[in-house]
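A short write-up of the structure that comes next.
The values are calculated or read from the model by the stated rules, or taken from the named source; none is laboratory data. Since the structure is predicted, the reported quantities are computational estimates derived from the model, not experimental observations. Glycine also receives a Cβ, built like all others from the backbone with ideal geometry; neighbour counts cover every protein chain displayed.
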Amino acid sequence: MRNSWKLHVAALVSALAPVAAGAPLSAYPLWGSLEPGPYGVGFQTMFTYDLSRPPLTSTGQARGREMQVSVWYPAAAMENPVHLRLEEYVSLNARELQFDPLTPEREAAARSQFLQGPLAQGASGDKLQALLRMETAAVRDAKPAPGRFPLVVFAHAAPTTASTMSELLASHGFVVAAVPSKGTFETGYRHEMPDIETLIADLQFVIATARALDFVNGDQLGVIGMSAGSVAALGLQMRNSRVAAVVSLDGGIGEERGSYLVTKTPYYDLSRLRVPLLHLFSPDNPYLDFSRLRSWRYSERTLVKLPRMRHGDFLAYGIFERLVPNILGPAPGDTKSGFEWVCRYVRHFLQASLGGAAESRRFLANPPAANGVPADLLSVERLPALPPPLGTVELQAILDRDGIGKVVDLYRERKSADPQPIARVAFLDVGKDLMNAKRYDQAKELFRLFVESFPASAEAHNAMASAALGLHDETLAKAHFEQALRLSSDDPNLDFWSRKKLEDTARRNLGPGR
C-alpha cells in the first residue's frame with residue numbers, strides 16, 4: 001500500500017500532465033498564476049455528527065456534535081463539468097450547525113456576513129458581488145481519480161478562505177479535509193485550552209471520517225493550521241503518530257502565548273515534537289516570539305517570512321485582494337504574489353515530507369531566488385533537526401547489551417549537540433526498573449545524568465535521592481531530597497497527587513521539621 005502511494009507522489013510532482021476536468025485550472029481567476037497539478041478537483045461536504053459528544057444546538061434535531069466536513073480531492077476526467085462558484089462556499093457558513101437545506105433567508109444571511117467586513121473596509125460592493133459569482137476549480141461530487149491519496153487536514157479556516165490552497169493541493173494529488181472551528185459548549189471558538197482540546201478532537205474526528213473514504217490513504221497525514229489552528233496542529237501531532245508534517249499559516253506557535261499553549265496540551269513532550277514543520281509568517285506582529293519554536297530541536301523547521309502580508313492574506317484573501325482591492329483594508333504589498341508563493345511552499349513541503357519527492361526537496365533547499373521568487377518578497381530560514389533523544393526501548397536495549405558505561409559514553413557524545421539526549425520518560429522508566437531490581441549503583445549513574453539533563457526537575461532529584469538511599473549514602477540522599485522539595489511546586493510534570501507523593505516521601509526521609 002505504501003509503495004503504491006509513493007507512485008502517486010512521483011506523479012504529483014509533474015505538472016506537465018493534462019488536467020482532467022474541463023478548462024485548465026490556471027484559467028480560474030481565484031488561482032492567479034498557480035501551477036495546476038495533473039488532476040481535476042472534486043469537492044464534497046459531509047454533514048455528520050460526532051455521536052460521542054453532545055450537540056451545540058438545542059433544537060433536538062442533532063444526534064451529536066455537528067460536524068460539517070469539507071473535502072477537496074483529486075478528480076477523474078469529466079465532460080462539461082459544472083464548477084462551484086465562490087458563493088457556494090460562502091453558503092456553507094449557514095450550514096455549520098443546521099444541516100437542513102438552505103432557505104433564501106439563511107443563504108442571504110451567510111452572504112451578508114461575508115460582505116460585511118470588506119464593505120466596512122471600503123471594498124467595492126460591485127466587485128465583491130463579482131467575486132462571489134466567480135467560478136472556482138472545484139466540481140461538486142466529481143468522480144474521484146483512481147487510486148488512494150495522502151490526507152491533509154486543515155484547521156481553523158472556513159471553506160471559502162481555505163478553498164484556493166485546498167483546490168491546488170487536490171490537483172497535485174492530496175485529499176484535503178477541513179472542519180470549521182467551534183467552541184466546546186458554545187459556537188464561538190476561544191483561543192484557550194478547553195477549545196484547543198476540542199479542536200484537536202474535531203480534527204481526530206475528521207481524520208477518522210476521511211480515512212473511511214475509498215480514495216484516501218491515511219497512513220501518513222499532513223496538518224495545516226491557520227493562526228490558532230497551528231497550536232491544535234502540534235497538539236494533534238504529539239498524540240497521533242500518523243501525522244508526518246505540520247504547516248503553520250501565520251500561526252500562533254510563533255507567538256509567546258500560542259507556543260506556551262502548545263506546552264500545556266496534555267501530550268506535550270519536547271521529544272515527541274519531531275516531524276518537519278513549515279511556519280510561514282508576517283513580521284508585522286508585536287507578539288512574535290520564536291524562542292520556543294527555536295527550542296523544538298528534534299523537528300526540521302523551515303521559517304518563511306513574508307514582510308508585506310496581512311494575517312488574512314495567508315488564506316485566500318491574499319488573492320481576493322487583486323480582484324477586490326481593500327477587501328481587508330489597505331494592502332501592505334503584492335498580496336497576490338505573496339499568497340501564491342505561500343501555496344507553492346506548502347505544496348512542495350507536503351510533497352517532500354509525505355512522499356519524499358526529490359523535486360520538492362530541491363525546491364525547499366534552494367534559496368528563494370533560485371525558485372523564481374521575486375526579490376524582497378520573502379526570506380527563508382532553515383533550522384535542522386537533531387537526532388531524537390533516546391527513548392525507553394532504546395535506552396533499555398543499550399543498557400542490557402552494553403551496560404551503564406556505554407549509556408554514559410553515548411550520553412556524553414550526544415550532549416555536545418543536545419542538552420537532553422535521553423528523554424525524561426526514559427530516565428524514569430529504565431531507572432524504575434533498576435531500582436526495583438536493587439541495582440542501585442547503576443540507578444545512581446543513570447540518575448546522575450537525569451539531574452544533569454533536567455536540573456530543574458523535582459522528579460530527577462527525587463530519583464537520585466532514592467538511589468542514594470539504596471546505597472546508604474544519606475548525605476547525598478538528603479541533598480537531593482531537599483532540592484526536590486524546593487523544585488516541586490514549579491515542576492510542570494507533576495500533578496497534584498504526584499507532587500504530594502513526592503513531597504511526602506522527601507519529608508519522611510528528611511525527618512521532623514520538614
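How about region 237-254: which of its residues are more than 23 Å from A316 (Cβ to Cβ) and in contact with a strand residue (DSSP E or B) (Cβ under 9 Å, 6 or more places away or on another chain)? Write out each step before concluding.
So the first thing to find is which residues in region 237-254 are more than 23 Å from A316 (Cβ to Cβ), and the list is 237-244.
Hits for region 237-254 are Q237, N240, R242, V243, A244.
Kindly indicate whether S241 is free of Cβ contacts under 8 Å to residues at least 12 places away in the same chain and within 14 Å of the chain's Cα centre (by Cα).
On the way: free of Cβ contacts under 8 Å to residues at least 12 places away in the same chain: yes; within 14 Å of the chain's Cα centre (by Cα): yes.
For S241, the condition - free of Cβ contacts under 8 Å to residues at least 12 places away in the same chain and within 14 Å of the chain's Cα centre (by Cα) - is met.
Just for helices (runs of 4 or more DSSP H) wholly inside region 71-178: which have at least 2 residues that are over 25 Å from the mean Cα position of the chain (by Cα) and either among the β-branched types (V, I, T) or farther than 30 Å from S360 by Cα (or both)? Don't jump to the end; show me each part of the working.
On the way: elements: 86-91, 104-120, 125-133, 159-171.
Fully inside region 71-178 and qualifying: 86-91, 104-120, 125-133.
Looking only at region 224-239, decide whether some residue is of a type outside the set (G, A, S), in the same structural domain as G338 (by TED's automatic domain parsing) and surrounded by fewer than 20 Cβ atoms within 10 Å (Cβ to Cβ).
Restricting attention to region 224-239, the residues satisfying the condition of being of a type outside the set (G, A, S) are 224, 226, 231, 234, 236-239.
Going one step further and asking which of them are in the same structural domain as G338 (by TED's automatic domain parsing), we end up with 224, 226, 231, 234, 236-239.
Of the ones still in play, those that are also surrounded by fewer than 20 Cβ atoms within 10 Å (Cβ to Cβ) are 239.
Yes, some residue in region 224-239 is of a type outside the set (G, A, S), in the same structural domain as G338 (by TED's automatic domain parsing) and surrounded by fewer than 20 Cβ atoms within 10 Å (Cβ to Cβ).
Any chance region 148-168 includes a residue that's farther than 30 Å from Q237 by Cα, in the same structural domain as G64 (by TED's automatic domain parsing) and basic (K, R)? If you could, list the steps in order and put the result at the bottom.
Filtering region 148-168 down to residues farther than 30 Å from Q237 by Cα leaves none.
Within region 148-168 (the criterion being farther than 30 Å from Q237 by Cα, in the same structural domain as G64 (by TED's automatic domain parsing) and basic (K, R)), the answer is no, since none of the residues qualifies.
Return the residues of region 363-378 that are more than 24 Å from E321 (Cα to Cα) and under 23 Å from the mean Cα position of the chain (by Cα); say none if nothing qualifies.
Of everything in region 363-378, those that are more than 24 Å from E321 (Cα to Cα) and under 23 Å from the mean Cα position of the chain (by Cα) turn out to be F363, L364, A365.
Out of the residues in region 151-178 meeting the condition of being among the aliphatic types (A, V, I, L, M) and in contact with a Cys (Cβ under 8 Å, 6 or more places away or on another chain), tell me which one is surrounded by the most Cβ atoms within 10 Å (Cβ to Cβ).
First pass over region 151-178, keeping only residues among the aliphatic types (A, V, I, L, M): 151-153, 155, 157-158, 162, 165, 168-170, 175-178.
If we keep only those that are in contact with a Cys (Cβ under 8 Å, 6 or more places away or on another chain) too, we end up with 165, 168.
Details: M165: 29, L168: 25.
Applying the filter and picking the extreme gives M165.
Under the condition of being touching a helix residue (DSSP H, G or I) at 6+ places or on another chain (Cβ under 8 Å) and not polar (S, T, N, Q), which residue from region 136-150 is surrounded by the fewest Cβ atoms within 10 Å (Cβ to Cβ)?
Of all residues in region 136-150, those touching a helix residue (DSSP H, G or I) at 6+ places or on another chain (Cβ under 8 Å) come to 136-138, 140, 147-150.
Narrowing the set further to residues that are not polar (S, T, N, Q) leaves 137-138, 140, 147-150.
Details: A137: 32, A138: 31, R140: 13, G147: 16, R148: 19, F149: 26, P150: 27.
If we take residues in region 136-150 being touching a helix residue (DSSP H, G or I) at 6+ places or on another chain (Cβ under 8 Å) and not polar (S, T, N, Q), then R140 is surrounded by the fewest Cβ atoms within 10 Å (Cβ to Cβ).
Does L306 qualify as being within 15 Å of the chain's Cα centre (by Cα), surrounded by 17 or more Cβ atoms within 10 Å (Cβ to Cβ), modelled with pLDDT of 95 or more and aliphatic (A, V, I, L, M)? I'd like the intermediate steps shown before the answer.
On the way: within 15 Å of the chain's Cα centre (by Cα): no; surrounded by 17 or more Cβ atoms within 10 Å (Cβ to Cβ): yes; modelled with pLDDT of 95 or more: yes; aliphatic (A, V, I, L, M): yes.
So L306 does not fit the description; no.
Report yes if some residue within region 179-199 is touching a residue at least 40 places away in the same chain (Cβ under 8 Å), within 24 Å of F320 (Cβ to Cβ) and either within 15 Å of the chain's Cα centre (by Cα) or not assigned by TED's automatic domain parsing to the domain that holds E66 (or both); otherwise report no.
Yes, the conditions are met somewhere in region 179-199.
Please give the helices (runs of 4 or more DSSP H) falling wholly within region 425-495 in which 3 or more residues are small (G, A, S) and crowded, with 20+ Cβ neighbours inside 10 Å.
On the way: elements: 440-453, 458-470, 474-488.
The helices (runs of 4 or more DSSP H) meeting that bar are 458-470, 474-488.
Conditions tested, residue by residue: (1) under 19 Å from H156 (Cβ atoms); (2) assigned by TED's automatic domain parsing to the domain that holds L115; (3) touching a strand residue (DSSP E or B) at 6+ places or on another chain (Cβ under 6 Å).
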| site | (1), (2), (3) |
| --- | --- |
| L278 | yes, yes, yes |
| S291 | no, yes, no |
| S299 | no, yes, yes |
| H311 | yes, yes, no |
| A316 | yes, yes, no |
| R322 | no, yes, no |
| I327 | no, yes, no |
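Starting from residues that are farther than 22 Å from R65 by Cα and touching a strand residue (DSSP E or B) at 6+ places or on another chain (Cβ under 7 Å), keep the ones in region 81-108 and report whichever is surrounded by the fewest Cβ atoms within 10 Å (Cβ to Cβ).
Per the stated criteria, the residue is V82.
Those residues that are outside any helix (DSSP H, G or I) and among the polar types (S, T, N, Q), I need them from region 348-368; list them, please.
Filtering region 348-368 down to residues outside any helix (DSSP H, G or I) leaves 356-357, 366-367.
N366, the sole residue that qualifies.
Condition first: of a type outside the set (A, V, I, L, M) and in contact (Cβ under 8 Å) with a residue 60 or more places away in the chain. Now tell me which residues in region 67-105 satisfy that. Break it down stepwise before answering.
We begin by selecting, within region 67-105, every residue of a type outside the set (A, V, I, L, M); these are 68, 70, 72-74, 79-81, 83, 85, 87-89, 91, 93, 95-96, 98-101, 103-105.
Within region 67-105, Q68, S70, W72, Y73, P74, P81, H83, Y89, N93, E96 qualify.
Right, T265: out of contact with any Ser or Thr (no Cβ under 9 Å at 6 or more places or on another chain) and of a type in the set (V, I, T) or not?
Values: out of contact with any Ser or Thr (no Cβ under 9 Å at 6 or more places or on another chain): yes; of a type in the set (V, I, T): yes.
In short, yes.
Being in a strand (DSSP E or B), acidic (D, E) and assigned by TED's automatic domain parsing to the domain that holds V71 is the requirement here; does D219 meet it?
On the way: in a strand (DSSP E or B): yes; acidic (D, E): yes; assigned by TED's automatic domain parsing to the domain that holds V71: yes.
So D219 fits the description; yes.
Can you go through S52, S33, S26 and tell me which one is under 27 Å from E359 (Cα atoms), surrounded by fewer than 19 Cβ atoms within 10 Å (Cβ to Cβ), at pLDDT 90 or above and assigned by TED's automatic domain parsing to the domain that holds A157? Give the steps one after another, and end with the answer.
Numbers: S52 fails: under 27 Å from E359 (Cα atoms); S26 fails: at pLDDT 90 or above.
The unique qualifying residue is S33.
So, in region 179-216, how many residues would count as being in contact with a Phe, Trp or Tyr (Cβ under 8 Å, 6 or more places away or on another chain), closer than 23 Å to G258 by Cα and not in a strand (DSSP E or B)?
Selection size over region 179-216: 5.
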